[in-house]
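Student: Below is the structure I would like to discuss, written out as structure tokens.
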Ligand SMILES: [Zn+2]
């Protein structure tokens, strides 16, 4: 992603809390009588059960993806990752489709073969929601403080690239245990940042292609809402509401953060912070799918050689995973007559 405004990028420190379990509130020293008389009231606003999510396994997935090395669009590393993703989701009987297209390489002009990957659960459902991430990695760690590394170092992209993939790989284990309200697609965007020069090279190639195809060749189904995840593996997770998401997709933004509140996941902070250009813009503005971006943009290792698994944690992935799994079960129905058209 790309920041549109240079805002204060220091870490607020508010996201690094220990896990708080929703059942703690039941351990108050009430007398049995009081508890019994209060039971109906407690039941009415009792937090919903937290969906299962194996934090350790999700972190193993993150490490496996990073072990490939660079996963820049059109490279062998990217091909290896594509095989890993296709094989993984096929094991869970999901439908896996590749959406291929070519884009010119920013340095040579030669065509680069891009592939978005669409993993569909309940593929026959006509009303669907979309969870998306990008799975390519930036060619270079160009914000590294060491100029030699910035120009030629390895960018691993543990948070910026692998975190979304690992999250969805772990969620695959849970998709048959939950009861999603609508059909669900996990969409992996290629070409989010085949970028060598921020001012010259276009971002969001995969999501732009996907959104344009959805608009121009309307499928037999429709997406009611979308949720994009980007940089959700940070050890010090703090997920504020992103400005473009609030403006273009107020409904899924509200319902995702409300779900987190009900589950007592305090890393989701219902306050606006940062305005980020990311894959949700083409989804909102071209495909007209109201799509919110869950992104922790206060990440000191962004676009450096230090964006490594050590800077990430499975516990952070689990915070996002349980919220998304619960959200899939409780997505509010869009207003009659369809979603209002998001502003441009
Ligand atoms: Zn990036």
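Student: Evaluate E = 1/(1 + (r/R0)^6) for residue 93 and residue 215, where r is the Cβ-Cβ distance and R0 equals 30 Å; express this FRET efficiency to the nearest 0.05.
Tutor: My answer for the efficiency is 0.50.
Student: Using the Kirkwood formula on the Cα atoms of region 237-344, what hydrodynamic radius do you get, in angstrom to one decimal?
Tutor: By the Kirkwood definition, the hydrodynamic radius is 14.9 Å.
Student: Sticking with this structure for a sec: Give me the number: length gained by fully extending residue 110 to residue 63, i.e. 0.36 nm times residue separation minus the C-alpha to C-alpha distance, one decimal in nm. Walk me through the numbers on the way to the answer.
Tutor: On the way: separation 47, 0.36 × 47 = 16.92 nm, distance 3.15 nm.
Once the chain is fully extended between residue 110 and residue 63, it gains 13.8 nm.
Student: Return the Rg/Rh value of region 208-282, two decimal places, where both radii are evaluated on C-alpha atoms and Rh is the Kirkwood radius.
Tutor: On the way: Rg = 14.1 Å, Rh = 13.9 Å.
Taking Rg over the Kirkwood Rh, I get 1.02.
Student: Considering only DSSP beta bridges with both partners in region 48-330, what is the antiparallel share in %, to the nearest 5? Each step should come with its number before you reach the end.
Tutor: Values: 16 of 37 bridges.
So the antiparallel bridges amount to about 45 percent of the total.
Student: Treating the Cα atoms of region 40-198 as identical point scatterers in vacuum, please give the log10 of the normalised Debye intensity I(q)/I(0) at q = 0.20 Å⁻¹, two decimals.
Tutor: -1.27
Student: Taking Cα pairs under 8 Å and at least six residues apart, what relative contact order does region 239-344 come out at, in percent?
Tutor: 38 percent
Student: Please sort 321-331, 54-64 by packing, taking for each peptide the average over its residues of neighbouring beta carbons within 10 angstrom, highest first.
Tutor: Packing proxy ranking, top to bottom: 321-331, 54-64.
Student: Calculate the FRET efficiency for residue 76 and residue 235 from the Cβ-Cβ distance with a Förster distance of 41 Å, rounded to the nearest 0.05.
Tutor: Numbers: r = 30 Å, r/R0 = 0.72.
Working from the Cβ atoms, E equals 0.85.
Student: Next question, about the same structure. Where does each of 272-285, 147-160, 181-194 land if you order them by average Cβ count within 10 Å, highest first?
Tutor: My ranking of the peptides, most packed first, is 181-194, 272-285, 147-160.
Student: Compute the separation of the alpha-carbon centres of region 50-120 and region 309-335 and state it in Å as a whole number.
Tutor: Cα centres, region 50-120 to region 309-335: 20 Å.
Student: Another question about this same structure. With N residues in region 157-262, what two-decimal value do you get for its Cα radius of gyration over 2.2 N^0.38 Å?
Tutor: Working it through for region 157-262, the quotient is 1.20.
Student: Going by Cα centres, region 194-208 and region 156-170 are how many Å apart?
Tutor: Here the answer is 20 Å between Cα centres.
Student: Counting pairwise Cα distances across region 48-330, what percent come out greater than 28 angstrom?
Tutor: Distances greater than 28 Å cover 29 percent of the Cα pairs.
Student: Give the peptides 200-207, 214-221, 130-137 in descending order of average Cβ contacts within 10 Å, highest first. Mind showing how you got there, number by number?
Tutor: On the way: 200-207: 20.6, 214-221: 11.2, 130-137: 27.1.
With the highest mean Cβ count within 10 Å placed first, the list reads 130-137, 200-207, 214-221.
All of the numbers you see were taken from the coordinates with simple rules; none came from a lab. Just so it is clear, the structure is predicted and the values come from calculations on it, not from any experiment. Reconstructed Cβ throughout: ideal geometry from the backbone, glycine too, with neighbour counts over all protein chains shown.
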